[in-house]
Every structure is written in C-alpha cells, then in structure tokens.
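Enquirer: One structure, pasted below without further comment.
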Amino acid sequence: MDPFIVGLVLLSAAIHPLWNALAKGELQPEAAFLNLLVVSTLCALAHCLIAGAPLSSVLNAWPIMAASASGLSLYCIALIITLRRGDLSVYYPIVRSSPVFVVAAGFLVLGERYAPILLLGIALVICGAFLIQYRRGAGLLHDRVTFFSALLAMCGTGIYAIADSRAVLHMEPMVVFFWQTMPTTVLFWCYLLRFGSMRPGEVAKAVRAGWRSRPHRFLGTGILVYISYYLILIAYERGGNVAAVTALRQASIPISVLLGIVILRETGFAWRLLWSLVIAIGIAIIVSSR
C-alpha cells in the first residue's frame, strides 16, 4: 500500500480521538450531531470557495453523492437511536465494524476481488478492534432493536465509504464533503422534527448555549471532523483501496483506548494492550500488501 496513503489514513485516525474528546459530554447527542454537521459543512463550503472548487461538479456524479448522503444520514440517525436505547460502549464495536460491510458489498455487489493477505490483515484489525472495546457479559442480543440499529449505523458507514471512494474520481474532496454533509444536515433536522427525543427548539437552544459558553470547543470539534475526513477523501483520490482504508481507520480505536489508560487511568491495560497489538499486526499486514 502506498506509504503516502497510509500516512494520510493514520493521521486521520490520530485526529479522531481528539475531536471525540472535545465533543464528549458537551451536548445531548442530537445537539452534538447537529453542531458537527453544520460546522463541518461550513468548513467544506469555505474550503471550496477559497480553492475555487466548483460545487456544480456534483452534477457529474449526483447518484453517487445521493448514496453517500443517504449512507451518512443512515449512520447518524441509527447511531442516535442506539445512543437513546442502549449503552454505546456495548454496541460501539458493531458500529465500528464497517470494513466487514465494505468487503462483503465489494465482493457480492461490486465484483471486487481481494488478495488473501489483505483479507487477513483486515480480519485481524476487525477482530482486535471489536474485542478491545467489547465488554464481557454485555448481552448484545438482549435488545434486538438496539442491536439492529447498531448494524444499520455500521452499514451506513460502509455505504458512504464506498460511495465517497468513487465520488472523488469525479469531483474534488472538499466538494464531496460538502454535498455529503449538507443534505445530511437537512435530513437530520427533519428527523429531529418528527422523531427526536428533544424538540428542535431545545436542540437549537442547547447548541446556542454551548457556543456562548465554549465557542472554541464547538468550533474546534467541527474543524477537526472536517480535517479528519478530508484526509480520508484524499486517500481515496490517490487510489486508496476502500476496504484497506476503512480498516486502517480502526487505528483510532487503540489510540483512544491507550489515551484513556494513560490520561484517564482507565483499567484493563493488559487486555487492551493485547488487542492493540493484534490491530497493529493487522495494520502492518495491510500496509505491506499489494
């Protein structure tokens, strides 16, 4: 795998825990997602205007971008349902298992063929990422609705990953990001109007209050979200295999876990270190594969 692409994806993975840490505990999930969508969309729009990237280029591949926005919307809404109904720490391993969907969809639907060594690396990363987060006795199937919503969130991530890897062949990455998140923001707001646990006015009020008290955190979170995924889009543009890229993105999990152990003094060091090493081995295999 191209070292430049590997560097982009690993840098994106390193940024991921940073915006998670900034966003953690700041807002109700609905308000947090709305804030992230709005700020990151504005970042993409500003980038397009500064770089002179034509937003109209979406007309070259609007069905692909429709799939991308649909996938992101499915992810956001399904994740909100999962958060509302269950403990995210229980179901998050499922949500983050999108490489499984990408490989399966690539093989069954898109006719992709993967080298056995690449599949081995992806399998190790998925296994390690799942088990490093999994809590014994979690009872994943005790609440089937929540389990299903976590699966839908995972599928949504896989859908927009596959769509974006093709969209960057027709338009610049910042344009892809804008046309992915702008419709998603509208759809997510419509979801809040009909099904949100908070009234839309309450969500907007919570966002405004957060901006008044901690504007640097709210702005910084949105900017980091944009930078993190923009790097992934560049990786796709440079020819990064979507299955390999989505697997490499799982490097953010051991980074987050190890930061939690070092900074927050969380327990389970030996167990988590073991599965971090499994992820590292998987990443090494992916990087070395052709």
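Enquirer: It is to be established whether one or more residues within the stretch 142-160 are modelled with pLDDT under 85, in a loop (DSSP other than H, G, I, E, B) and surrounded by fewer than 22 Cβ atoms within 10 Å (Cβ to Cβ). I'd like the intermediate steps shown before the answer.
Expert: Of all residues in the stretch 142-160, those modelled with pLDDT under 85 come to 142-147.
Pick out the ones that are also in a loop (DSSP other than H, G, I, E, B) and you get 142-143.
Keeping just the survivors that are surrounded by fewer than 22 Cβ atoms within 10 Å (Cβ to Cβ) gives 142-143.
Within the stretch 142-160 (the criterion being modelled with pLDDT under 85, in a loop (DSSP other than H, G, I, E, B) and surrounded by fewer than 22 Cβ atoms within 10 Å (Cβ to Cβ)), the answer is yes, since at least one residue qualifies.
Enquirer: Still on this structure, please answer the following. Would the stretch 43-56 turn up any residue that is in contact with a Gly (Cβ under 7 Å, 6 or more places away or on another chain) and either aromatic (Phe, Trp, Tyr) or crowded, with 18+ Cβ neighbours inside 10 Å (or both)?
Expert: yes
Enquirer: Let me ask something else about it. Need a quick list: helices (runs of 4 or more DSSP H) entirely within the stretch 195-290 having at least 2 residues that are modelled with pLDDT under 70 and surrounded by fewer than 16 Cβ atoms within 10 Å (Cβ to Cβ).
Expert: Passing ranges, in order: 200-213, 252-264, 269-288.
The values are calculated or read from the model by the stated rules, or taken from the named source; none is laboratory data. These numbers were taken from a predicted model, which means no experiment stands behind them. All Cβ positions, even for glycine, are placed from backbone atoms using ideal geometry, and neighbour counts span all protein chains on display.
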